[in-house]
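Undergrad: Would you mind keeping the following structure in view while I ask a few things?
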Amino acid sequence: HITMPVGYPAVAYSPRARFSAGAPANGGFAASAAEPPSALNATLLKSAKDVFAGTMGGVTVTLLGHPFDTVKVLLQTQPANNPIYNGPFDAVRKVVASEGFKGLYKGVTSPLAGQMFFRATLFFGYARAKEIVGVSPDDPLSYCKAGALAWLAGSFFESPIDLYKSQWQMQIIKAKQTANYVPEFKTVGECVKASIKHSGIRGPFQGFGATLTRNLPAGAIYFGVFENAKNHFAAQNESGVATDIQIMASGGLGGFMYWSLFYPIDCIRSALLTDSIDPSKRKYKGFTDAASQLMKQGGVKRLYAGLVPCLLRASPANAGMLYTVDKIKQMLGSS
């Protein structure tokens, strides 16, 4: 017989009590150590909403922005000493004349599928990063910190997607340069296989350092500008909520700042992504070598090749994407 101390609750031992969610903490395995089922379900549901909203954002930004991106890559990667295109409008005219309007969407399969996955990951990561950082309208920089964290994670998915898209688009330029040119890759799948064959698991991450160099500061600016602009508009409204036009304006401004401030880095990144999949045939040894060679071709101006179509794309594509994500999250009750 064991005498319990005065005031200690008398609990009859039961094997089932040790595993019961309602058992006292001193009864053995406490279920309270794990997240309550209701809270866990709420977290999973919120995550699913973030993923769905991000996926739809990826569809929107790809459909709106891919033609502009095609022109940007063509202008960034054409030879400076013997350019094929005189400017963005000339590039559009020549692509449409030779391949029809669908030529502007060449290689869209990879970015469409990839952007759906990438944006789902990005906005899921951003939602979690905001929780980690503890964002607040009273701390404008908190959104920048969360944005940088989100783009850090997202870069692991974006970099391979952009590599294969750029390799596919690069074949348009080579076809213009050589009359009897035979495309190296007939499908995006062939390009994926070739990169892994030559470089193993590192193959899909060709130019990854350049991706991080651009994405960390640009991602901080991107989400920081968007969120703070939206909060500013909301504070001016009696409803305390930004209107649809204001949300799109905030998204467009965020996209414009992202690209206008970090475009030279993106130009160097494009050179690395369009370089040969085979390491033994590459023109550039790395980021600094690519920057040096591009500067020799045309000075600082060379690093801004393709800026016009990029900026024409930046505002509408990002306005549409961030508006789509924001509105879907509002409708799903996940804002």
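The values are calculated or read from the model by the stated rules, or taken from the named source; none is laboratory data. Remember, it's a predicted structure, so these values are computed and weren't measured experimentally. Cβ atoms come from the backbone with ideal geometry, glycine included; neighbour counts cover every protein chain shown. Side chains are part of the model used for accessible areas, which takes the heavy atoms of the whole protein and leaves out ligands, DNA and RNA. Shrake-Rupley method; radii C 1.70, N 1.55, O 1.52, S 1.80 Å.
Undergrad: Name the pairs: first residue in region 228-249 and β-branched (Val, Ile, Thr), second residue open to solvent by 40 Å² or more (accessible area, probe 1.4 Å) and not in a loop (DSSP other than H, G, I, E, B), Cβ to Cβ under 6 Å, at least 6 apart or on different chains?
TA: From residues that are β-branched (Val, Ile, Thr), the pairs are Ile247/Tyr323.
Undergrad: Among the listed residues Lys165, Lys186, identify the single one that is modelled with pLDDT under 95 and over 17 Å from Arg269 (Cβ atoms). Lay out the reasoning, then the answer.
TA: Details: Lys165 fails: over 17 Å from Arg269 (Cβ atoms).
Checking each option against the conditions leaves just Lys186.
Undergrad: Based on what the data block shows, is Ala175 among the aliphatic types (A, V, I, L, M) and without any contact (Cβ under 8 Å) to a residue 40 or more places away in the chain? Before the answer, list the steps.
TA: Values: among the aliphatic types (A, V, I, L, M): yes; without any contact (Cβ under 8 Å) to a residue 40 or more places away in the chain: yes.
So Ala175 passes the test.
Undergrad: Related question: Looking at (1) part of a helix (DSSP H, G or I); (2) surrounded by fewer than 15 Cβ atoms within 10 Å (Cβ to Cβ), can you tell me which one Lys327 breaks?
TA: Here Lys327 clears every test but (2).
Undergrad: Also: Taking Ala175 and the conditions (1) open to solvent by less than 20 Å² (accessible area, probe 1.4 Å); (2) under 22 Å from Leu104 (Cβ atoms); (3) of a type in the set (Gly, Ala, Ser), which numbered condition does it fall short on, given that it satisfies the others?
TA: (1)
Undergrad: I'd like to know if region 25-36 contains one or more residues that are open to solvent by less than 90 Å² (accessible area, probe 1.4 Å) and either at pLDDT 50 or above or closer than 25 Å to Glu190 by Cα (or both).
TA: yes
Undergrad: Would you check which residues across region 80-106 are closer than 17 Å to Ala175 by Cβ, open to solvent by 50 Å² or more (accessible area, probe 1.4 Å) and assigned to a loop (DSSP other than H, G, I, E, B) and list them?
TA: Asn82, Pro83, Lys106
Here's the yes/no breakdown for (1) within 25 Å of Gly224 (Cβ to Cβ); (2) not in a helix (DSSP H, G or I):
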{"position": "Ser292", "(1), (2)": "no, no"}
{"position": "Gln297", "(1), (2)": "no, no"}
{"position": "Ala305", "(1), (2)": "no, yes"}
{"position": "Leu311", "(1), (2)": "yes, no"}
{"position": "Ser315", "(1), (2)": "yes, no"}
{"position": "Leu322", "(1), (2)": "yes, no"}
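Undergrad: Continuing with the same structure: For region 275-284, does any single residue satisfy the condition of being surrounded by fewer than 18 Cβ atoms within 10 Å (Cβ to Cβ) and of a type in the set (S, T, N, Q)?
TA: Step one: of region 275-284, the residues surrounded by fewer than 18 Cβ atoms within 10 Å (Cβ to Cβ) are 276, 278-283.
So of that shortlist, the ones also of a type in the set (S, T, N, Q) come out as 276, 280.
Yes: one or more hits.
Undergrad: Still on this structure: Please work out which residue is most open to solvent (accessible area, probe 1.4 Å), limiting yourself to region 115-149 and to residues that are in contact (Cβ under 8 Å) with a residue 40 or more places away in the chain and not in a helix (DSSP H, G or I).
TA: Checked region 115-149; the qualifying residue most open to solvent (accessible area, probe 1.4 Å) is Pro137.
Undergrad: Any chance region 165-178 includes a residue that's of a type in the set (A, V, I, L, M), farther than 20 Å from Lys281 by Cβ and part of a helix (DSSP H, G or I)?
TA: Pass one, region 165-178, residues of a type in the set (A, V, I, L, M): 170, 172-173, 175.
Imposing the further condition that a residue be farther than 20 Å from Lys281 by Cβ reduces the set to none.
No: region 165-178 contains no residue that is of a type in the set (A, V, I, L, M), farther than 20 Å from Lys281 by Cβ and part of a helix (DSSP H, G or I).
Undergrad: Among the listed residues Thr109, Thr77, which satisfies the condition of being closer than 29 Å to Asp278 by Cβ, touching a residue at least 40 places away in the same chain (Cβ under 8 Å) and open to solvent by 60 Å² or more (accessible area, probe 1.4 Å)?
TA: Working: Thr77 fails: open to solvent by 60 Å² or more (accessible area, probe 1.4 Å).
Answer to the selection: Thr109.
Undergrad: Have a look at Ala305, Ala271 and point out the one that is open to solvent by less than 40 Å² (accessible area, probe 1.4 Å), modelled with pLDDT of 90 or more and in contact with a helix residue (DSSP H, G or I) (Cβ under 9 Å, 6 or more places away or on another chain).
TA: On the way: Ala305 fails: modelled with pLDDT of 90 or more.
Of the residues listed, the single one that is open to solvent by less than 40 Å² (accessible area, probe 1.4 Å), modelled with pLDDT of 90 or more and in contact with a helix residue (DSSP H, G or I) (Cβ under 9 Å, 6 or more places away or on another chain) is Ala271.
Undergrad: State all residues of region 179-227 that are closer than 18 Å to Ala314 by Cα and either open to solvent by 60 Å² or more (accessible area, probe 1.4 Å) or not β-branched (Val, Ile, Thr) (or both); if no residue qualifies, say none. Steps first, answer last, please.
TA: Residues of region 179-227 closer than 18 Å to Ala314 by Cα: 211, 214-227.
Passing the criteria: Arg214, Asn215, Leu216, Pro217, Ala218, Gly219, Ala220, Tyr222, Phe223, Gly224, Phe226, Glu227.
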